[in-house]
Amino acid sequence: MSGASVFRSAQPSRDADPALPVIPTSLVEVDVVRQWRDGVPGAVAVFEGESGPDLAAAAEPFDVDIAVLQAVGATASAGDVRAVPLPAGHVGWVVGVGAGEPAKWRSAGAALARALRERLGEAAESADETGDLGDASDADYLQIRLPDGVDGETVSALTLGLALGGYRFRVTAKPAPPRLRKVLLVLPESADSAALGEQVRRARELAATTALARDLANAPSNIKDPAWLTGIAAELAADVANLGAAVRDEKWLADNGFGGVLAVGGGSSRPPRLLELTYRPKDAAGPHLVLVGKGITFDTGGISLKPAEGMHLMRTDMSGGAAVISALLTIARLELPIRVTGLVPSAENHVSGSAYRPGDVVRHYGGTTTEVGNTDAEGRMVLADALAYAVDRLEPDLLVDVATLTGAMKVALGLRTGGLFATDPELADQIRAAGERVGEAWWRMPLLEDHAEDVQGQLADVKQTPPGPGGITAALFLREFTGGLPWAHLDIAGPARAEKDYAEVVTGGTGFAARSLVELAATLAK
């Protein structure tokens, strides 16, 4: 990485900053064991049988009558959690898993984690009043009995749910609340403990990928500026073998012609940055994958100002960049044998006398010019620079960008599915399959050639906001900067944020796309 200038953020480190929780968030430990342990808090799955929930199998480990489970309202509905009173004042748990599909186990794990978090919170409140945590103190660890025939998909899904369902990011003066710390998955005798243990380890790495992306997205923007975001990423990368980090400042960006990043960041007193993460394992094979993530740390819309309602959520407008950062860290920790580079162009889109304007012509890296139509379409401006830089300097075989790019994609696909555009059918299929394996849904959208001409500019080479369907024309604009390489564009404007808890997702930044990127790299490495 010759000529790279490494910039360390002047902000406090992730561990020392008193204004934020510790980043990355700590997750529950999950191990596999052979024996069910008497006296240890336990949970058992309730399956849907031919004539209703199979309560008999769920009651057996607790040595209670079916009537007890019926009394607490136990069902097989996925994620339905019920506390079961046991002898000596202890509590067990039953959780519905439907017919036992992996997605149901993921929901079950998340629901269990939330139930345990609530119980721990109640215990902590009681301890504040009485000074005695009581029997509820055992709720920070748990054992879960797994059924005969359990496979890797099941334990992976359950681990993801357990690790992510109880995720919490809160800036507060109060002490950190108690949390679920340890879960033992009790395997049947016939199970391959070594193979399933490896699946658990990998699933927990994927959960850590999502959790870090959530941390970065949820961090408030009075702290999270471009220097902080890229500096934290460089600090985290320094701890991972074979992963290099370079952060380029506004002078380097100007010297190298990153007109899109500089235009978007020009209205802020906190200047833009470009992060480059480079993973080069010695046994690398296959294609060179370049991932590009939008890193807008706050988006007012600029002169094309957004409405006040909902603007506070624009602290998460760097969710694509967060996904790329966390994915590169996990790819390196998993030691996948593939070359991967991550680029995160980062800026704040603010309103001031130096902000860029509708009608401006911006020259991107490499020389292509863009006629600005709406300063709130800033994501494509910074991505264009990074894509052009990747094509010119990095010799990629595959390009994938990920961004909270268009409101049109939220209208088209809702809040739980990412939009997938691709010039290469095989790459599109690989991304969609990768998402399916890790519990993230993608829907392929068309790159309609009927609208390609609309992207061509009159005052400049291309138009920033051409007429037509917004998500599609944004993708067609980005395609202009990909050099004809196999490329995919992932629009995560919908699923990057959640307004309520569901499955393993919690309110706030979701970390969507991070796991898919890791799984894509693993697929290509094979």
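The values are calculated or read from the model by the stated rules, or taken from the named source; none is laboratory data. This structure is a prediction, so every number in the text was calculated from the model and none was measured. Backbone-built Cβ (ideal geometry, glycine too); neighbour counts: all protein chains shown. Surface areas here come from the heavy atoms of the whole protein model, side chains and all, with no ligands, DNA or RNA. Shrake-Rupley method; radii C 1.70, N 1.55, O 1.52, S 1.80 Å.
Here is the figure for the range 249-285: residues that are under 24 Å from the mean Cα position of the chain (by Cα) and not in a loop (DSSP other than H, G, I, E, B) total 8.
Taking the range 42-54 as the search range and keeping residues that are in contact (Cβ under 8 Å) with a residue 40 or more places away in the chain and outside any loop (DSSP other than H, G, I, E, B), which one is nearest to residue 142 (Cα to Cα)?
So the residue we want is 42.
Within the range 484-521, track down each residue that is over 12 Å from the mean Cα position of the chain (by Cα), within 28 Å of residue 337 (Cβ to Cβ) and open to solvent by less than 10 Å² (accessible area, probe 1.4 Å). Passing the criteria: 487, 488, 489, 490, 520, 521.
Exactly one residue out of 515, 497 is under 14 Å from residue 403 (Cα atoms) and of a type in the set (D, E, K, R), and it is 497. Considering only residues that are over 13 Å from residue 465 (Cα atoms), open to solvent by less than 20 Å² (accessible area, probe 1.4 Å) and among the small types (Gly, Ala, Ser), look in the range 360-411 and name the one that is nearest to the chain's Cα centre (by Cα). Within the range 360-411, the match that is nearest to the chain's Cα centre (by Cα) is 403. A search for C-beta distances below 7 Å between a residue of the range 427-441 that is farther than 21 Å from residue 162 by Cα and free of Cβ contacts under 8 Å to residues at least 24 places away in the same chain and any residue that is open to solvent by 10 Å² or more (accessible area, probe 1.4 Å) and not basic (Lys, Arg), counting only pairs 6+ apart in sequence or on different chains, returns 432/442.
Exactly one residue out of 215, 225, 283, 249 is modelled with pLDDT under 95 and on the phi < 0 side of the Ramachandran plot, and it is 283.
This table checks each residue for (1) open to solvent by less than 20 Å² (accessible area, probe 1.4 Å); (2) in contact with a Lys or Arg (Cβ under 8 Å, 6 or more places away or on another chain); (3) basic (Lys, Arg).
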{"site": "158", "(1), (2), (3)": "yes, yes, no"}
{"site": "161", "(1), (2), (3)": "yes, yes, no"}
{"site": "175", "(1), (2), (3)": "no, no, no"}
{"site": "196", "(1), (2), (3)": "yes, no, no"}
{"site": "209", "(1), (2), (3)": "yes, yes, no"}
{"site": "222", "(1), (2), (3)": "no, no, no"}
{"site": "231", "(1), (2), (3)": "yes, yes, no"}
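Among the numbered conditions (1) at pLDDT below 90; (2) open to solvent by less than 50 Å² (accessible area, probe 1.4 Å), the only one that residue 3 does not meet is (2).
The number of residues in the range 176-200 that are under 23 Å from residue 115 (Cα atoms) and part of a helix (DSSP H, G or I) comes to 1.
Could you look through the range 85-121, keep only residues that are among the hydrophobic types (A, V, I, L, M, F, W, C) and farther than 23 Å from residue 60 by Cα, and pick out the one that is nearest to the chain's Cα centre (by Cα)? Here the residue is 110. The residue of the range 156-184 that is farthest from residue 109 (Cα to Cα), among those that are of a type in the set (A, V, I, L, M, F, W, C), out of contact with any helix residue (DSSP H, G or I) (no Cβ under 6 Å at 6 or more places or on another chain) and in contact (Cβ under 8 Å) with a residue 40 or more places away in the chain, is 171.
Exactly one residue out of 112, 120, 187 is more than 26 Å from residue 233 (Cα to Cα), surrounded by fewer than 24 Cβ atoms within 10 Å (Cβ to Cβ) and modelled with pLDDT of 90 or more, and it is 187. One residue stands out in the range 286-321 among those that are open to solvent by 10 Å² or more (accessible area, probe 1.4 Å) and hydrophobic (A, V, I, L, M, F, W, C): the one that is farthest from the chain's Cα centre (by Cα), namely 303.
Rundown of residues vs (1) in contact with a helix residue (DSSP H, G or I) (Cβ under 7 Å, 6 or more places away or on another chain); (2) part of a loop (DSSP other than H, G, I, E, B); (3) closer than 19 Å to residue 109 by Cα, yes/no style:
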residue	(1), (2), (3)
37	no, yes, no
40	no, yes, yes
56	yes, no, no
64	no, yes, no
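The conditions of being touching a Pro at 6+ places or on another chain (Cβ under 6 Å), part of a helix (DSSP H, G or I) and open to solvent by less than 30 Å² (accessible area, probe 1.4 Å) are not met by residue 324. Looking only at residues of the range 412-452 that are within 18 Å of residue 209 (Cα to Cα) and acidic (Asp, Glu), we find that the one that is most open to solvent (accessible area, probe 1.4 Å) is 436.
Among the residues of the range 34-47, the one identified as out of contact with any Pro (no Cβ under 8 Å at 6 or more places or on another chain) and closer than 24 Å to residue 101 by Cβ is 43.
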